[in-house]
Amino acid sequence: MENLTMDNVTVENRTSVLDNQTLGVWTDYSVEYKAVSVFLVSFICGVGIVGNMMVILVVLTTKHMRTPTNCYLVSLAAADLMVLIAAGLPNITDALCGQWVFGYVGCLGITYFQYLGINASSCSITAFTVERYIAICHPIKAQFLCTLSRAKRIITLVWTLTSAYCVMWLFLSDTKKFVYDNVVLLSCAYKVSRSHYLPIYFTDFAVFYVLPLVLATILYGLIARILFLNPMPSNPKGSSKMWKKETVSQGERMISSGSSSSATASSRRQVTKMLAVVVILFAVLWMPYRTLVVVNSFLDKPYLDTWFLLFCRLCIYLNSAINPVIYNAMSQKFRAAFKKLCHCGPQRLEKPASYSLALTYSVIKDMSNGESPDHFATEMEDELNAPMDRSQAAGVRPSGKKTPFKEPSLSRRQSKD
């Protein structure tokens, strides 16, 4: 993959021309290009930086948001922040100044963090895809595999490996001067001819784009078969109702396992839809630039239309900026957490219901009996659209008097986020 802060094919062409001393007269970008480029890149990067910082803050500061899936989303947000800062903002200075303004150290550092953010975001998407597959298709194994501590170890491994992999760019990047008839420009470029980088380009293309998408397509297909084509029954015991009595500090309450199971299954479908949208946008928005790099690798005269290059880069920045918008639109928990962080809207209880249920086709297992909360944290990723008040969930009036527990209507109980 090519460096997003410069046009490396042009650099190679300029180098060959420089050897013959025929660079000619340099022409700056048009005023229209500068205006459109600076405005769109600034807007997308600004929204993306604020949004991804909010994702990180709400997960770190809200206790019930610290789930394995959300840990991977924090890793993705950190990687997207790195892309927006290291790849997006330098393009603004390039459009305004027409040359590299960050010097030699800036060239090495920005190139390194640019590739690190891109590769880490791809690995984070792959990680939460696998986590969702295990949690939904293998719920028993998920008790031991989909835990908060394991998610943290996997994220640490992802960033360690991608950091080591990207070290090579510290030795492959350099600044170069290009002498024109009317100006001398500094550019952040590669040390050798671009053709020597083709193996790295195609390795990145295969490992950090094609492979994650193929794996996501297979795993989400298997997940869809479980959640949508063969949905879990709301009451595995048939027409009989399963009631549990649970003792809490406020008193006794009755829980309908059947209706809770239906809500949990609907919640899991909603979370899976949200993550699938993230993967689809990753595939679509990265496709123009990835395709351009591959096609230009086989062309004698590469296609380098300035406006099309801007479009490709804007797609990449949009991919890194849009995820928080998706979380806000499709997840009530994230939406409520964002409102709480901004101190707008009514204050919600920080903790959702103190129980969660692991579902299989034959068993409904109450996880409130002392098992580790890590095991099935991923099962209750999202709340219902109308969260219950604690006193209502416990069947207790605000005055402390208990009310008879009425059987819920499963045909009317719907969960939508």
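The values are calculated or read from the model by the stated rules, or taken from the named source; none is laboratory data. This structure is a prediction, so every number in the text was calculated from the model and none was measured. Virtual Cβ from ideal backbone geometry, glycine too; neighbours counted across all protein chains shown. Surface accessibility is based on the protein's heavy atoms, side chains included, excluding ligands, DNA and RNA. Shrake-Rupley method; radii C 1.70, N 1.55, O 1.52, S 1.80 Å.
For a quick protection proxy, order the peptides 329-336, 76-83, 173-180 by their average other-Cβ count within 10 Å, most packed first.
Working: 329-336: 20.4, 76-83: 23.8, 173-180: 15.6.
So the order, starting with the most tightly packed, is 76-83, 329-336, 173-180.
I need the calculated FRET efficiency for the pair THR217 and LEU304, taking r as the beta carbon distance and R₀ as 25 Å, to the nearest 0.05. Don't jump to the answer; show the numbers that get you there.
On the way: r = 32 Å, r/R0 = 1.26.
Result of the calculation: an efficiency of 0.20.
Enter the accessible area per residue of the stretch 28-129 (Å², integer; probe 1.4 Å; all protein chains in place). If you can, show how the numbers build up before the last one.
Details: 3530 Å² over 102 residues.
Counting only protein heavy atoms, the per-residue value for the stretch 28-129 is 35 Å².
From the phi angles alone, apply the Karplus equation (6.51, -1.76, 1.60; θ = phi - 60°) to the stretch 132-145 and give each ³J(HN,Hα) in whole Hz, x where the residue is Gly or Pro.
Couplings: 5, 4, 5, 5, 9, 8, 9, x, 5, 5, 4, 4, 10, 9 Hz.
For the stretch 216-221, what does the Karplus curve 6.51 cos²θ - 1.76 cosθ + 1.60, with θ = phi - 60°, yield as ³J(HN,Hα) per residue in whole Hz, taken in order and with x for Gly and Pro?
Karplus-based 3J(HN,Hα) across the stretch 216-221 equals 5, 4, 5, 5, 5, x Hz.
How much length is gained on full extension from TRP26 to SER163, taking 0.36 nm per residue of separation minus their Cα-Cα distance? Spell out each step's value before the answer.
Values: separation 137, 0.36 × 137 = 49.32 nm, distance 3.72 nm.
Going from the current span to full extension adds 45.6 nm.
Would you please state which residues of the stretch 291-309 a label at VAL207 would reach in this model, taking the label point 7 Å out along Cα→Cβ and a backbone N cut-off of under 12 Å?
No residue passes the distance filter.
Can you give the local net charge around PHE228? Use residues other than it whose beta-carbon is closer than 12 angstrom to its beta-carbon, Lys and Arg +1, Asp and Glu -1.
Details: positive: ARG225, ARG268, ARG269, LYS273; negative: none.
Surrounding charge for PHE228 is +4.
Each residue of the stretch 36-43 in turn: what ³J(HN,Hα) in whole Hz from Karplus with 6.51, -1.76, 1.60 and θ = phi - 60°, glycine and Pro shown as x?
These are the phi-based 3J(HN,Hα) values: 5, 4, 5, 5, 5, 5, 5, 5 Hz.
Taking amide H atoms as placed 1.01 Å from N in the peptide plane, list the residues 5 or more away in sequence, or in a different chain, whose amide H sits under 5 Å from that of TYR180.
Here LEU185 satisfy the definition.
How much accessible surface area, in Å² rounded to 10, belongs to the heavy atoms of LEU89 with a 1.4 Å probe?
Ignoring ligands and nucleic acids, LEU89 comes out at about 70 Å².
Go through VAL41, VAL130, VAL50 and list them by solvent-accessible area, largest first, probe radius 1.4 Å.
Details: VAL41 5, VAL130 50, VAL50 85 Å².
Largest accessible area first, the residues go VAL50, VAL130, VAL41.
Note down the magnitude of the dipole of the stretch 128-222 about its Cα centre, charges +1 on Lys and Arg C-beta and -1 on Asp and Glu C-beta and zero elsewhere, to the nearest 20 debye.
Details: 9 positive and 4 negative charges, 59 e Å.
My answer is approximately 280 debye.
Could you work out how far apart the two model spin labels at ALA224 and VAL179 are, taking each label as a point 7 Å from the Cα in the direction of the beta carbon, and quote it in nm?
Using points 7 Å along Cα→Cβ, the separation is 6.0 nm.
Checking the table LYS34/LYS177; LYS34/LYS339; LYS152/LYS191 against a 29 Å threshold on Cα-Cα, which pairs fail? It would help to have the intermediate numbers written out before the result.
Working: LYS34/LYS177 22 Å; LYS34/LYS339 35 Å; LYS152/LYS191 37 Å.
Checking Cα-Cα distances, LYS34/LYS339; LYS152/LYS191 exceed 29 Å.
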